[in-house]
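Right, one structure below, let's go through it.
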Amino acid sequence: MQIKIRNFEIEDLCEIARLTSQLGYPTSIGKILPRLQRLHNNSDHRILVADDEKLGVVAWMHLRTDLTLASDPKIEVVGLVVDERKRGQGIGRLLMREAEKFARDMEYKIVRLRTNVARDDAHKFYERLGYNLRKTSHMFVRELE
């Protein structure tokens, strides 16, 4: 298996949408295209894909530079999904190592991510990579009309 980690290209749109739905966020090309365009033009965001030489795009990861007044700068993994058919083959590990390399290149000392409390397999995956549970929090949302 030959996997190449690279920046996304517009030709990856269909596979990114398909994988996003696997993550639990059903979407369409029409919805995701403007998001990808905005993110692509924002230097605080980076979207990487894992490209299998035979199958094409089998994973994506969205990174964001997190700059706040209250804490040191960090890289946040905003999203990561590996195709259900390819999980357990080291692709997620490759992507996370790329996130860590990106943080080091920026001279940041922290890579952070959040997962849904129900995603036990994801928690175990990140723990195996050396990530520690720092805290549990609540998210409050108000939808505006």
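Data table
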item	result
Local net charge near K124, Cβ-Cβ under 15 Å (Lys/Arg +1, Asp/Glu -1)	+1
Dipole-positive endmost among Y126, T20, V77 within the stretch 3-128 (Cβ charges, Cα centre)	Y126
Cβ charges +1 (Lys, Arg) and -1 (Asp, Glu), total dipole of the chain, debye	400 debye
Additional length obtainable on full extension of the chain from R85 to F140, 0.36 nm per residue less Cα span	16.4 nm
Qualifying lysines (Cα of each under 24 Å from Cα of K4; at least 8 residues distant if same chain)	K54, K86, K101
Debye intensity ratio in log₁₀ form over the Cα atoms of the stretch 3-128, taken at each q of 0.13 Å⁻¹	-0.52
Rounded to 5, percent antiparallel among DSSP beta bridges of the chain	90 percent
Ordering of 87-97, 22-32, 56-66 by burial proxy (mean other Cβ atoms within 10 Å per residue, highest first)	56-66, 87-97, 22-32
Compactness of the stretch 88-145, expressed as Rg and Dmax over alpha-carbon positions, Å	14.3, 44
Residue-averaged [θ]222 nm for the chain, counting only DSSP H segments that reach four residues, each worth -39500 (n - 2.57)	-9500 deg cm²/dmol
Relative contact order computed over the chain (Cα-Cα under 8 Å; 6+ residues apart), in percent	19 percent
Net charge of neighbours whose Cβ lies under 13 Å from the Cβ of L13, counting Lys and Arg as +1 and Asp and Glu as -1	-1
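Where a number appears in this text, it was derived from the coordinates with a stated rule and is not lab data. Predicted, not measured: the structure shown is a model, and the values here were computed from it. Cβ sites come from the backbone with ideal geometry, for glycine too, and all protein chains shown count toward neighbours.
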